[in-house]
Amino acid sequence: MNDHQLLRYSRHLLLPQIDVEGQQRLLDARVLIVGLGGLGSAAALYLAASGVGALVLADFDRVELSNLQRQIIHNDARIGETKAASAAQSIAALNPGCQVEVIEQRLDDNALAQQVSQVDVVLDCTDRFSSRYAINRACVAHSTPLVSGAAIAFSGQLAVFDLRQPDAPCYACLYGDNGDDEATSCAESGVAAPMVGVIGSWQALEALKLISGAGSAASGLSLFDGLSGQWRQMAASRDAQCPVCRSR
């Protein structure tokens, strides 16, 4: 690290769990964020600010006025732009030292597998089950850690699948490998704006821990009730009958 980086990340360097070695791992890391909506907004900003060296931003949707209630990486001037390109502009303003690759088209299975194979951690910030299943399959195939988040109404959840571990469960162990894309639509159900910030920030924290080696990743499935302020943890284990894990 140069003098500029030592000063910029000095508050990380003061933490014994991160220190110089952990910060260098962050600077050397490459992270894929799929979905630059509410979850991806908070996650991308905090990972860029934290010093992750390279972020791959994948989202083919375009910024709409209704997004701005919660998707804080975008603004009015960027309505109509792709969310990936808009997010890249905010990250460049926040931390010019973070290299950003923008993907503005839907990733098919082959393209997704190629991207996953080149990163250290994947953040699933999407709101479609079909996307979540495809991301999970690619992460399982390449043993790439996956941080999955979701938020709707006043509820949020997070799960970390450290697929480098041979006994780790995957997303399909918890939810199966198919589902209804419309079941979790914010457009249908609504979402409290800070909820996506809470979960997206937590996704960034878990990614930071996985990369830097600080602490240990969150285990099981974590559920947050925003109306009561209560957190609940549920154990998760690998399903011996999981059709995705059986391919490992």
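Just so you know, all these numbers are worked out from the coordinates, no wet-lab data involved. Since we're looking at a predicted model, the values are computed, not measured. For neighbour counting, all protein chains shown are included, and Cβ atoms are generated from backbone atoms with ideal geometry for every residue, glycine included.
List every DSSP H helix in the chain whose Cα atoms extend 27 Å or more along the helix's own long axis and whose mean Kyte-Doolittle hydropathy is at least 0.5.
Helices meeting the criterion: 193-212.
At a threshold of 8 angstrom on Cα-Cα distance, excluding pairs fewer than six apart, so keeping six or more, what relative contact order does the range 3-247 reach in percent?
Reported as a whole number, the value is 21 percent.
In which sequence would THR126, THR144 go, from the one with the fewest C-beta neighbours within 10 Å to the one with the most?
Least to most surrounded, the residues fall as THR144, THR126.
Give me the net charge for the shell around ALA54: Cβ to Cβ below 11 angstrom, other residues only, Lys and Arg +1, Asp and Glu -1.
Net of charged neighbours comes to -2.
Per the helix-only calculation at 222 nm, which mean residue ellipticity applies to the chain, given -39500 (n - 2.57) for every DSSP H run of n ≥ 4 and division by its residues, nearest 500 deg cm²/dmol?
Here the helix-only value at 222 nm equals -11000 deg cm²/dmol.
Applying a 10 Å radius around every beta-carbon, put 61-70, 197-206, 81-90 in order of their mean neighbour count, most first.
Highest mean packing first, the order is 197-206, 81-90, 61-70.
For each of ILE79, ILE91, ILE18, count neighbouring Cβ atoms within 10 Å of the residue's Cβ, then give the residues from fewest to most.
Ordered from fewest to most neighbouring Cβ atoms within 10 Å, ILE79, ILE91, ILE18 come out as ILE79, ILE91, ILE18.
Can you pull the semi-axes for the range 127-248, root of five times each eigenvalue of the Cα gyration tensor, sorted largest first, whole Å?
23, 18, 12
Hey, could you pull the Cα Rg and Dmax for the range 3-247, both in Å?
Rg then Dmax for the range 3-247, in Å: 17.1, 52.
Highest mean first, what order results for 225-233, 158-166 on Cβ atoms within 10 Å?
In decreasing order of mean packing, 225-233, 158-166 become 158-166, 225-233.
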